[in-house]
Amino acid sequence: MDSTRSAAESLPETHSEQRNIAHTMALAVAGLALLIVPSYQFVEWQLDQASAEHLWLHAQWRSLVVVAALATLAWCFTHPDGRGAPVVLRLLSLSIMCMMFGMFASDYLHEADSLGRMVQGLIMTTFAVSLVSLRGGRELLVLFGLPFAGTMIGLYALGASLHDVVVTLFDPLMMAVIALTISEIFYRTRIRILVLDEQLRQLATTDALTGLGNRRQVENQIAVEMARARRHDSTFALILGDLDHFKNVNDRFGHSTGDAVLSEIGRILRSNIRVEDRAVRWGGEEFLILLPATGRDEAMAVAEKIRSIIAESPLHCDGHEVPVTISFGVAAFNGESDVADLIKRADAAMYRAKRKGRNRVCAANGDTNADADRPLIA
């Protein structure tokens, strides 16, 4: 399970999800705190026979949470993206635990009649905080442990018997043990779900044979690049490639070798593009490369480089030396409003490369110097 925790925490999606969860929790906890905390103060003021000094001490501790809750709401509404929400949630949770331990210490020192209610409040609060501990038991241990240690030190300094204090806090301490377990279970369940969601996403957007992305993944990314290009008056390019006479490879060497060839092509594509580029298996023996912030000439150079690497020497696959070539069509963004239109231009350029003899790179119609194709290496 520790490997699951490490795997989840290393995923960018996990950090984003943690922020979203923290943002939602922070809003909920802050809202409940502003509803519940003043209500308890009002009930004490109306029903308890406590002294004004005692009520004032409770009010001071509760004001800590009210201020923290108001600050949390202000932060969440000004940062809807969740930035900083985990820290804000932890500070709010810590303020709630400090409030309860502070009121307990005050009642213990004054031997107040409400001491039993403070003990019950500690039990309820510990359980509630365990539900919003983002990192499970280790986080709850800090949120409970710091106020508890501070309370013990403070009471000891004021002459209280630590044995008697621990006996009085026995039920909250047992609740803390239970809450640590609950919090850790919730956390591990949550990260397990995140890992499974990521695995499902990978299965849905990754080609199992080549390890490249698939059609579904890149179509969304092309749409994003189109919107960005229109907004910033910039460009990007697509390279669409198809292996030449691939049926002959399957017929001559067998389908397992054909699969190995496709996998090797995927490796070559990944090794010869930038980090920000995206190579995908478009379907069958077709591959597509998305090149953000790239013009036609740059894209033609990338396509020619990859074409040369594939053509210059046979691929060593499944114990065979397999000669393979590929034909590429290149299309730069030209103001299209639909993803299909841009892909259609790249596809037409690729089939023009096929008609001209294969093993070459052609630019799409509509691009500058569209017929200035790269040299053919037969």
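Structure summary
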| read-out | value |
| --- | --- |
| Ascending count of other beta-carbon atoms within 10 Å, so fewest first, for ARG345, ARG90 | ARG90, ARG345 |
| Sequence of GLU276, GLU111 once ranked by neighbouring C-beta atoms within 10 Å, starting from the fewest | GLU111, GLU276 |
| Modelled FRET efficiency - R0 45 Å, ARG252 with SER337, Cβ distances, 0.05 increments | 0.55 |
| Fully extended contour minus Cα-Cα distance, from ALA149 to ARG215, at 0.36 nm per residue | 18.1 nm |
| Cα gyration tensor shape of region 143-189, rounded if a/c is under 1.5, else prolate or oblate by comparing a/b with b/c | oblate |
| Cα gyration tensor category, rounded, prolate or oblate, for the chain with a/c compared to 1.5 | prolate |
| Helical mean residue ellipticity (222 nm; -39500 (n - 2.57) per DSSP H run of 4+; nearest 500) of the chain | -23000 deg cm²/dmol |
| From the C-alpha gyration tensor of region 154-231, square roots of 5λ in Å | 56, 18, 8 |
| Aspartates and glutamates with Cα under 12 Å of LYS247, excluding same-chain neighbours fewer than 8 positions away | ASP259, GLU285 |
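Where a number appears in this text, it was derived from the coordinates with a stated rule and is not lab data. Here the structure is a predicted model, which means the values were calculated and not measured. Positions of Cβ are backbone-derived with ideal geometry, glycine not excepted, and every protein chain shown enters the neighbour counts.
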